[in-house]
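Heads up, the thing below is written out as structure tokens.
The values are calculated or read from the model by the stated rules, or taken from the named source; none is laboratory data. For clarity, every value in this text was computed on a predicted model and none was experimentally measured. Glycine also receives a Cβ, built like all others from the backbone with ideal geometry; neighbour counts cover every protein chain displayed.
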Amino acid sequence: MRVRFWGTRGSIATPGSATNRYGGNTSCVEVVTGSGARFVIDCGTGARPLGAELAENASRPISLAILLSHTHWDHIQGFPFFAPLFLPGSRVAAYAPHGSSGSLSKVLAGQMEFTYFPVELEQLPAEITYHDLTEGEHEIGGVRVIAQFLNHPAVTLGYRIEADGVSVLYLCDHEPFSETLWRSDAEPGRLESILHAGDRRHAEFMVDADLVIHDCQYSPEEYPAKRNWGHSSYRYVVELAAAARVRHLVLTHHDPAHDDAFIEHLEQEARAVAAGRGSPLEVSCAWEGLELAPEPRQARPSSAAVAATAHTGGVRVLLADDDPDLRGIARKALTRDGHEVTEAGDGAEALRLARENPPDLMVLDLIMPELDGLEVLSIIRSEPATARVPVLLFTSLGGEALIRSGFELGATDYLTKPFTMPQLTARVRACLARAATAR
Ligand SMILES: [Zn+2]
Ligand SMILES: [Zn+2]
């Protein structure tokens with residue numbers, strides 16, 4: 001996966017010699033997965049240079065998804081200047097939270113009314129579709145995207161994109177639910193010690209992420225005067241990301257009043273907060289042109305996954321899938337990762353084996369003869385010996401309703417076929433890490 005920052009400024013574009021280093025364009029991040037799915041997250045003024053680059057170099061027809069966090073100006077002003085919209089044949093799917101001020105197409109058309117802009121939305125030659133999003137799991141461009149509401153004066157969604165064995169989150173704009181972060185009767189620095197359920201849920205959304213891109217408009221000293229404006233300080237963001245075992249935190253949505261020297265200073269201070277917690281969290285301030293390629297965690301497993309596997313020297317995995325070829329290669333990959341694998345060719349056999357000898361982790365294909373994955377899941381969840389076993393589901397593209405039912409029945413995670421073996425082993429590690437945290 002490749003992630004590139006095209007706009008890092010909050011509120012209003014701030015060009016000039018004092019912002020050359022970190023950049024003056026407003027929010028825009030491009031994410032391209034290994035499968036070629038392209039996401040444009042937010043369309044601040046940074047979308048203009050991105051659009052120009054795509055028009056020049058991307059293969060035609062251009063196809064991409066725009067994920068808008070919300071429709072404040074600094075997140076949509078680049079939309080009318082986004083070149084792919086002016087290219088016949090381009091296919092653009094625009095997503096945004098279902099807001100209080102009407103449908104997405106109406107909101108975008110509003111800023112392109114003749115009073116403000118010479119071309120109206122409906123005159124754009126590209127094929128544009130509009131989608132109102134809400135919280136939960138979505139499949140966009142064949143990629144798993146999870147959305148969760150943020151704390152901001154407008155209806156705002158944060159996004160977690162999972163592909164190529166890595167998780168990348170974009171969380172702008174957001175401010176703390178509570179100014180007091182930790183419970184006074186608990187050890188600070190841990191997820192369960194977070195005082196406000198909203199902040200805890202926000203941190204849990206980031207758990208084990210490889211990259212978190214987060215609103216950090218203020219210093220902790222500035223924040224009290226800007227309370228309820230909908231933005232965070234680095235202290236809050238670093239504390240949550242460290243507790244959530246994030247690998248790399250990139251702070252963005254820089255305040256228009258902050259020059260390069262001040263942002264550099266914030267970056268040092270933010271790193272000191274992580275170091276003070278003894279956290280290996282890497283912290284950077286985003287700059288225009290910054291490009292990252294997060295790698296799967298396999299080489300650097302999370303400490304919880306290490307603890308989970310180190311404890312037993314690998315865990316016992318029950319792998320149920322009716323495809324013997326897939327079982328064979330999955331078994332090989334999991335064995336290489338130190339696990340002991342038992343195979344089942346159908347749901348009934350999986351259930352029998354799980355009852356006989358409850359595994360540490362179950363991998364269940366959704367579509368299987370005898371009993372399907374959901375039936376097996378619902379039975380094992382109802383029996384005390386297997387009620388808490390982490391379960392990873394294998395699903396096929398387009399099975400969103402099934403995936404939702406899986407989570408309702410208590411699945412830990414799911415992996416969409418076809419997947420690579422590094423993706424499988426990374427996901428198994430993440431499931432074990434999550435289960436270790438929940439213990
Ligand atoms: Zn903003
Ligand atoms: Zn905003």
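Points to keep in mind about this one:
- The range 1-41, residues that are within 20 Å of residue 143 (Cβ to Cβ), touching a Ser or Thr at 6+ places or on another chain (Cβ under 8 Å) and assigned to a loop (DSSP other than H, G, I, E, B): 1
- Listed here are the strands (runs of 3 or more DSSP E) enclosed by the range 76-183 that have at least 2 residues being within 16 Å of ligand 1 (Cβ to nearest atom) and under 30 Å from residue 203 (Cβ atoms): 91-97, 157-163, 166-171.
- Every test in (1) touching a residue at least 24 places away in the same chain (Cβ under 8 Å); (2) touching a helix residue (DSSP H, G or I) at 6+ places or on another chain (Cβ under 9 Å) is passed by residue 116 save one, and that test is (1).
- Inspection of the range 404-414 finds no residue satisfying the criterion of being touching a residue at least 40 places away in the same chain (Cβ under 8 Å), among the polar types (S, T, N, Q) and not in a helix (DSSP H, G or I).
- Against the criterion of being out of contact with any Lys or Arg (no Cβ under 9 Å at 6 or more places or on another chain), at pLDDT 95 or above and of a type outside the set (A, V, I, L, M, F, W, C), residue 139 qualifies.
- The condition of being among the acidic types (Asp, Glu) and more than 16 Å from ligand 1 (Cβ to nearest atom) holds for only one of 199, 215, that being 199.
- Residue ID - nearest to ligand 1 (Cβ to nearest atom), chosen from residues in the range 14-25 that are in contact with a helix residue (DSSP H, G or I) (Cβ under 8 Å, 6 or more places away or on another chain) and of a type outside the set (Ser, Thr, Tyr): 25
- Of everything listed in (1) in a helix (DSSP H, G or I); (2) of a type in the set (Gly, Ala, Ser); (3) in contact with an Asp or Glu (Cβ under 9 Å, 6 or more places away or on another chain), the single unmet condition for residue 52 is (3).
- Comparison of 196, 248 shows that the only residue that is surrounded by fewer than 21 Cβ atoms within 10 Å (Cβ to Cβ) and in contact with a strand residue (DSSP E or B) (Cβ under 9 Å, 6 or more places away or on another chain) is 248.
- Boolean, residue 343 is outside any loop (DSSP other than H, G, I, E, B) and in contact with a helix residue (DSSP H, G or I) (Cβ under 6 Å, 6 or more places away or on another chain): yes
For (1) within 16 Å of ligand 1 (Cβ to nearest atom); (2) without any contact (Cβ under 8 Å) to a residue 60 or more places away in the chain, each residue gets a yes or a no:
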residue	(1), (2)
243	no, yes
260	no, no
268	no, yes
275	no, yes
286	yes, no
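- Residue count for the range 340-374 satisfying the condition of being over 27 Å from the mean Cα position of the chain (by Cα), acidic (Asp, Glu) and more than 14 Å from residue 395 (Cα to Cα): 6.
- Checking each residue in the range 60-75 for being under 23 Å from residue 161 (Cα atoms), away from ligand 1 (no atom under 14 Å from the Cβ) and assigned to a loop (DSSP other than H, G, I, E, B) picks out only 62.
- Residue match in the range 225-232 (condition: within 16 Å of ligand 2 (Cβ to nearest atom), in a helix (DSSP H, G or I) and free of Cβ contacts under 8 Å to residues at least 60 places away in the same chain): yes
- Residue in the range 10-17 that is within 18 Å of residue 250 (Cα to Cα) and of a type outside the set (S, T, N, Q) present: yes
- Candidates are the residues of the range 65-93 that are within 10 Å of ligand 2 (Cβ to nearest atom) and hydroxyl-bearing (Ser, Thr, Tyr); the one that is nearest to residue 42 (Cα to Cα) is 69.
- Being more than 16 Å from ligand 2 (Cβ to nearest atom) and outside the structural domain of residue 422 (by TED's automatic domain parsing) holds for only one residue in 26, 8, 45, 19, and it is 19.
- Being more than 30 Å from residue 190 (Cβ to Cβ), part of a helix (DSSP H, G or I) and touching a residue at least 12 places away in the same chain (Cβ under 8 Å) is not true of residue 428.
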